[in-house]
Amino acid sequence: MGVGIWGLFLLLVVGMVALDLGVFHRRDRPVTVRNALGWSSLWISTALLFMVFVYFLYENNYAWANIHTGHLSGRDAATQYLVGYVLEYSLSLDNIFVIAMVLSYFRVPLPLQHRVLFWGILGAVVLRGVMIALGVALINRFDWVTYLFGAFLLYSAARMLLLRHETVEPGQNPLVRLARRFVPVTDHFHGHHFIVRVDGKLMATPLLLALLLVESSDVMFAVDSIPAVFAVTREPFIIFTSNIFAILGLRSLYFVLASYMEKFRYLKSALVFVLAFVGVKMILSNHYHIPDMASLAIIFGILLVGVLASVRGADKDPVPLRSPLE
């Protein structure tokens, strides 16, 4: 894969996030559900349009892109991109629970929540790029790594089934404790600043602690989701682009769903089955390839069952909603 095509993609990402923060969210103000729906639609539409670009890129093997894709047709590349995007996007739903808990724990005001998520997700883009590069290098060098990743995904599915997020205490997070130990922290927020100078001394604000926790939670979820995408494709460009588009859409998705996540009580169970299926797919990958379209249908089917079960359960036994955005 040539440097030019990577540069074009990164330029697209930088342009969109700059437009997001520098133009549309330059002022600190609460993000409405309507606004979040608009941005979610924009990110999803952009991701799907990019899938069309991936199709033509791999189908025609453009010389200017300096890529060699004879092993992958445009249809296969586009399908793998879509499966990877849907998989990462669905697994990111579980991260919304943790993000909501973090922002609620630190009592981050509504107008400042967008800024925390923006910088948190921007940092996640860099971290995931590094993790994807390491994962590709390991899999290409050692075939047995696929079995290790598959077994880890099955372990993660079991852990997700047994672990409740409510048992996680943000105040006991190692990063937060380390920051409190070596950096003085103010008792109050100072606008959208992460670090301020008080009486001539630099001090962190609670906003920085919230950012550190959002970053660490994304790393924790990336350890699950990135190996999952390797079960779909080994093509670095497809892995990275599908992963990044899903992550960039997570911020707006949070503001759409955070207030209603308690209503989708069976969605987490559905994600467990998605993770378990991908783990099995990865373990079998060296012996039997489950078609990409079949994988996409299975993932969609599992998520649909989870959503329908949640809606049906909510109608029979309503759960009082408490918004973490308040």
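The values are calculated or read from the model by the stated rules, or taken from the named source; none is laboratory data. Remember, it's a predicted structure, so these values are computed and weren't measured experimentally. For neighbour counting, all protein chains shown are included, and Cβ atoms are generated from backbone atoms with ideal geometry for every residue, glycine included. Keep in mind that these areas ignore ligands, DNA and RNA; they rest on the heavy atoms of the full protein, side chains included. Shrake-Rupley method; radii C 1.70, N 1.55, O 1.52, S 1.80 Å.
Considered as a group, the residues in region 195-254 that are touching a Leu at 6+ places or on another chain (Cβ under 8 Å) and not in a helix (DSSP H, G or I) include one that is surrounded by the fewest Cβ atoms within 10 Å (Cβ to Cβ), and that residue is I195.
Name the one entry in L112, L87, L82 that is at pLDDT 80 or above, surrounded by 17 or more Cβ atoms within 10 Å (Cβ to Cβ) and in contact with a His (Cβ under 6 Å, 6 or more places away or on another chain). Give the steps one after another, and end with the answer.
Details: L87 fails: in contact with a His (Cβ under 6 Å, 6 or more places away or on another chain); L82 fails: in contact with a His (Cβ under 6 Å, 6 or more places away or on another chain).
So the residue among L112, L87, L82 that is at pLDDT 80 or above, surrounded by 17 or more Cβ atoms within 10 Å (Cβ to Cβ) and in contact with a His (Cβ under 6 Å, 6 or more places away or on another chain) is L112.
A Cβ distance below 6 Å, combined with a sequence gap of six or more or placement on separate chains, defines the contacts here; from region 185-205, residues that are within 18 Å of P109 (Cα to Cα) reach residues that are acidic (D, E) in the pairs H192/D28.
Of the numbered criteria (1) open to solvent by 10 Å² or more (accessible area, probe 1.4 Å); (2) in a helix (DSSP H, G or I), the one R107 fails is (2). Of the residues examined, V116 is not one that is within 29 Å of E88 (Cα to Cα), assigned to a helix (DSSP H, G or I) and more than 21 Å from the chain's Cα centre (by Cα).
When region 174-194 is filtered for residues that are open to solvent by less than 90 Å² (accessible area, probe 1.4 Å), within 19 Å of Q113 (Cβ to Cβ) and in a loop (DSSP other than H, G, I, E, B), the ones remaining, listed by number, are T186, F189, H190, G191, H192, F194.
Checked across region 302-309, the condition of being modelled with pLDDT of 85 or more, of a type in the set (G, A, S) and open to solvent by 30 Å² or more (accessible area, probe 1.4 Å) holds for at least one residue.
Among I247, I195, which is the only one that is of a type in the set (V, I, T), modelled with pLDDT of 80 or more and closer than 30 Å to H71 by Cβ? Quick ask: steps written out before the conclusion?
Numbers: I195 fails: closer than 30 Å to H71 by Cβ.
Only one candidate qualifies: I247.
The numbered conditions (1) more than 30 Å from F189 (Cβ to Cβ); (2) in a helix (DSSP H, G or I) are all true for H71 except (2). Could you list, ordered by first residue, the pairs with Cβ atoms under 6 Å in which the first is in region 11-27 and over 14 Å from H114 (Cα atoms) and the second is at pLDDT 75 or above and assigned to a helix (DSSP H, G or I), at least 6 apart or interchain? Every condition considered, no pair remains. Test L153 against the criterion of being part of a helix (DSSP H, G or I), farther than 22 Å from W6 by Cα, touching a Gly at 6+ places or on another chain (Cβ under 6 Å) and open to solvent by less than 10 Å² (accessible area, probe 1.4 Å), and give yes or no. Yes, satisfied. Scanning region 110-154 for residues that are in contact (Cβ under 8 Å) with a residue 12 or more places away in the chain and of a type in the set (F, W, Y), we see that the one that is farthest from F221 (Cα to Cα) is Y147.
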